[in-house]
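Shown next, in structure tokens, is the structure this report addresses.
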Amino acid sequence: MSTYIVGDIQGCLDELLLLLKQVSFDKKHDQLLVAGDLVARGPKSLETLRFIKDLGKAAKVVLGNHDLHLLAVSIGRFDVKAKDNTTAIFSAKDKDKLLSWLRKQPLFIEHDEFVLCHAGISPQWDLITARSAAHEIETLLQGAQWQWLIENMYGDTPETWSNDLSGLERYRYIINAFTRMRFVDTQGRLDMLQKKPPSEIQNAHLVPWFQYPDRIEISKSIIFGHWAALQGYRSKRFIGLDTGCVWGGELTMIRWEDRVYFTQKSITNPI
């Protein structure tokens, strides 16, 4: 059995299928983990949802910001963005089953040797806090209050974590950390505005969340997606898998057991 972890698919199903063909993926024996953002800008968001869902226990997914936004569109919080290719989902006969399946996916997956989340883990969290925070949101998403949460999750504050946070402020910070975070400032506060690669940032007070010097150490590797501008990131403790397939880059996947990387060049017209 092999464990494969793939970066943001964003509807680039053809590239995913080619990647899985490269490694002779066998759903009876192997497992595929997805670092969030199954849907959005690529051409086959509907087909991607169906494919991953149909893999059953052979696939595990963490939710990304685009996946949560899809749920927001589904309850009328927003119209479909022109640049998103998700319209077909809402006219599909299996729409309700797909969306119900999607909202029941976690924000955080824990393996003996690594954790997986879409954007990262707040530098102010230890592993116990990250695990507990994810569970709070997952419980709400899978319960009767899920629409209320989705309706009210938008916003860039609070910027810093406190165990005393409660209600929507607490939930919003957790969602932002797991699905939107890129930079933090010298106090560890989330900066939700900058999306450029670190080399293009002129603000000396901002650092990538995984390079924050006072971050609480977590004893496992952290694998994430979300930040296409990094064009992938590899270090001993942090692995960024988003290499911008939907932007004309590559779809990247790692086989965990031997740390071998596999890539598939985008065959999707860049957006």
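Below, the figures for the structure above:
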item: Selection within region 193-230 - surrounded by 14 or more Cβ atoms within 10 Å (Cβ to Cβ) and among the aliphatic types (A, V, I, L, M); result: ILE201, LEU206, VAL207, ILE216, ILE218, ILE222, ILE223, ALA228, ALA229, LEU230
item: Number of the condition not met by LYS81 [criteria: (1) touching a Gly at 6+ places or on another chain (Cβ under 7 Å); (2) in a loop (DSSP other than H, G, I, E, B)]; result: (1)
item: Any hit, region 224-240, residues being assigned to a strand (DSSP E or B) and either more than 18 Å from the chain's Cα centre (by Cα) or closer than 15 Å to THR160 by Cα (or both); result: no
item: Residue check, ALA177 farther than 11 Å from SER122 by Cα, in contact (Cβ under 8 Å) with a residue 12 or more places away in the chain and crowded, with 18+ Cβ neighbours inside 10 Å; result: no
item: Residues that are touching a residue at least 60 places away in the same chain (Cβ under 8 Å), in contact with a Lys or Arg (Cβ under 6 Å, 6 or more places away or on another chain) and hydrophobic (A, V, I, L, M, F, W, C), drawn from region 54-84; result: LEU71
item: Total residues in region 252-271, condition within 18 Å of ASP30 (Cβ to Cβ), in contact (Cβ under 8 Å) with a residue 40 or more places away in the chain and surrounded by fewer than 14 Cβ atoms within 10 Å (Cβ to Cβ); result: 1
item: Residues located in region 247-264, provided they are under 20 Å from the mean Cα position of the chain (by Cα) and outside any loop (DSSP other than H, G, I, E, B); result: TRP247, GLU250, LEU251, THR252, MET253, ILE254, ARG255, TYR261, PHE262, THR263, GLN264
item: Candidate set from region 1-53 (those that are acidic (Asp, Glu) and either in a helix (DSSP H, G or I) or touching a residue at least 12 places away in the same chain (Cβ under 8 Å) (or both)); member that is farthest from ARG259 (Cα to Cα); result: GLU47
item: Of all residues making up region 94-121, the number that are surrounded by 19 or more Cβ atoms within 10 Å (Cβ to Cβ) and free of Cβ contacts under 8 Å to residues at least 40 places away in the same chain; result: 1
item: Residue check for ASP242: closer than 27 Å to GLY188 by Cα, modelled with pLDDT of 95 or more and acidic (Asp, Glu); result: yes
item: Flag if LEU190 is among the hydrophobic types (A, V, I, L, M, F, W, C), more than 16 Å from the chain's Cα centre (by Cα), modelled with pLDDT of 95 or more and crowded, with 17+ Cβ neighbours inside 10 Å; result: yes
item: Residue within region 55-67 that is of a type outside the set (Gly, Ala, Ser), farther than 23 Å from ILE267 by Cα, modelled with pLDDT of 95 or more and touching a His at 6+ places or on another chain (Cβ under 6 Å) present; result: yes
item: Residues satisfying the stated conditions in region 48-83, i.e. within 17 Å of CYS245 (Cα to Cα) and surrounded by fewer than 17 Cβ atoms within 10 Å (Cβ to Cβ); result: LYS83
item: Within region 77-134, considering residues that are of a type in the set (S, T, N, Q) and within 19 Å of THR48 (Cβ to Cβ), the one nearest to the chain's Cα centre (by Cα); result: GLN105
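The values are calculated or read from the model by the stated rules, or taken from the named source; none is laboratory data. Please read all numbers here as calculations on a predicted model, not as lab measurements. Reconstructed Cβ throughout: ideal geometry from the backbone, glycine too, with neighbour counts over all protein chains shown.
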